Every structure is written in C-alpha cells, then in structure tokens.
Amino acid sequence: MFQKVSFSIVLLMVAFSVANGQQMNLRISSPPQNSQVPERPFVEGVVSDPKAKVWVIVHPMEVSDYWVQPAITVKEDGTWRVQIYIGRPGAKDIGKSFEIMAVANPKVSLREGMVLGEWPEVQARSQVVEVRRR
C-alpha cells in the first residue's frame with residue numbers, strides 16, 4: 001500500500017512539473033560555439049513552448065555585466081531569431097570574447113538594454129555559447 005501511495009505522489013509531482021513547464025527545452029542553434037561573429041550577429045534557436053517569453057543575454061567576458069538584447073518573437077513552431085549586439089560599435093571590442101545565453105520566462109521583467117549583475121532567474125536556459133568578436 002505504501003509503495004502505491006509513494007508511486008502515486010511521484011507520478012503527480014512529475015505531472016505537475018510538466019504541466020508547469022519546468023521541463024521546457026531552450027536551445028541556441030546559431031552561432032556555433034567558438035565562432036567569430038560581427039558586431040551585430042543573428043542568434044537563432046528553438047524553444048519547446050512557443051508561448052514562452054524568450055530573451056538573449058550577452059556577457060562580455062572581461063566584465064561582470066550581462067546585457068539584455070532586443071525582444072524576441074517566438075514563432076508557432078518554437079523557432080526564434082534575433083539580431084543582437086556584441087560589444088561596442090567600432091573596433092574597440094574586436095578579438096574579445098563574449099558569452100551568449102537564451103533564457104525563457106524570466107522571474108523579473110526584462111527589457112532591451114538592461115544591464116544585469118548575473119544571469120537572471122528563469123524557467124529555462126539554453127546552453128552558453130562563447131563567441132569572439134571579429
């Protein structure tokens with residue numbers, strides 16, 4: 001009897017997690033890891049919930065700031081694409097390294113141009129993609 005109750009509780013917890021989207025998948029498909037990118041590259045990816053609010057965050061590896069990029073419109077099939085900023089305009093940041101991460105459903109409202117002190121708390125995160133500015 002105890003096993004049946006325990007199994008039922010675990011099953012309910014899994015169902016609740018899935019229903020609340022905690023199993024959301026988010027992935028950056030482009031640019032590839034360790035690639036060289038221009039000042040305004042496109043970032044592309046896919047999210048398992050097309051209703052998710054997706055943002056891209058850029059972290060210049062020489063500083064502790066995390067920059068929120070332009071808002072993203074997710075298509076019905078879960079794909080998305082956005083043109084972001086890698087470093088400052090001009091030649092100052094050529095050759096420097098940056099981390100890029102996509103996030104979904106942040107706990108606090110984000111807006112383009114916000115500077116954060118760390119990756120935000122979110123429902124889902126993509127992998128971190130490291131790029132170098134060309």
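Which one is farthest from ILE28 (Cα to Cα) among residues in the stretch 68-124 that are assigned to a loop (DSSP other than H, G, I, E, B) and acidic (Asp, Glu)?
ASP93
I'd like the residue in the stretch 83-115 that is out of contact with any strand residue (DSSP E or B) (no Cβ under 8 Å at 6 or more places or on another chain) and of a type outside the set (Gly, Ala, Ser) and, out of all such residues, is surrounded by the most Cβ atoms within 10 Å (Cβ to Cβ).
Once the filter is applied, the top-ranked residue is ARG88.
Restricting to the stretch 35-66, name every residue that is of a type in the set (A, V, I, L, M, F, W, C) and either touching an Asp or Glu at 6+ places or on another chain (Cβ under 9 Å) or within 26 Å of GLN23 (Cβ to Cβ) (or both).
Hits for the stretch 35-66 are VAL43, VAL46, VAL47, ALA52, VAL54, TRP55, VAL56, ILE57, VAL58, MET61.
Any idea which residue in the stretch 50-60 is nearest to VAL122 (Cα to Cα), counting only those that are part of a loop (DSSP other than H, G, I, E, B) and without any contact (Cβ under 8 Å) to a residue 60 or more places away in the chain?
Checking each candidate, the answer is LYS53.
Going residue by residue through the stretch 4-24, is there one that turns out to be crowded, with 16+ Cβ neighbours inside 10 Å, β-branched (Val, Ile, Thr) and either more than 28 Å from LYS96 (Cβ to Cβ) or modelled with pLDDT of 95 or more (or both)?
No, the conditions are met nowhere in the stretch 4-24.
Name the residues in the stretch 35-81 that are small (Gly, Ala, Ser) and more than 13 Å from the chain's Cα centre (by Cα), would you?
SER35, SER64, GLY78
Can you confirm whether the stretch 64-82 contains a residue that is crowded, with 18+ Cβ neighbours inside 10 Å and in contact with a His (Cβ under 7 Å, 6 or more places away or on another chain)?
Yes: one or more hits.
The values are calculated or read from the model by the stated rules, or taken from the named source; none is laboratory data. No experiment lies behind these values; they were computed from the predicted model shown. Every residue, glycine among them, receives a Cβ derived from its backbone with ideal geometry; neighbour counts consider all protein chains shown.
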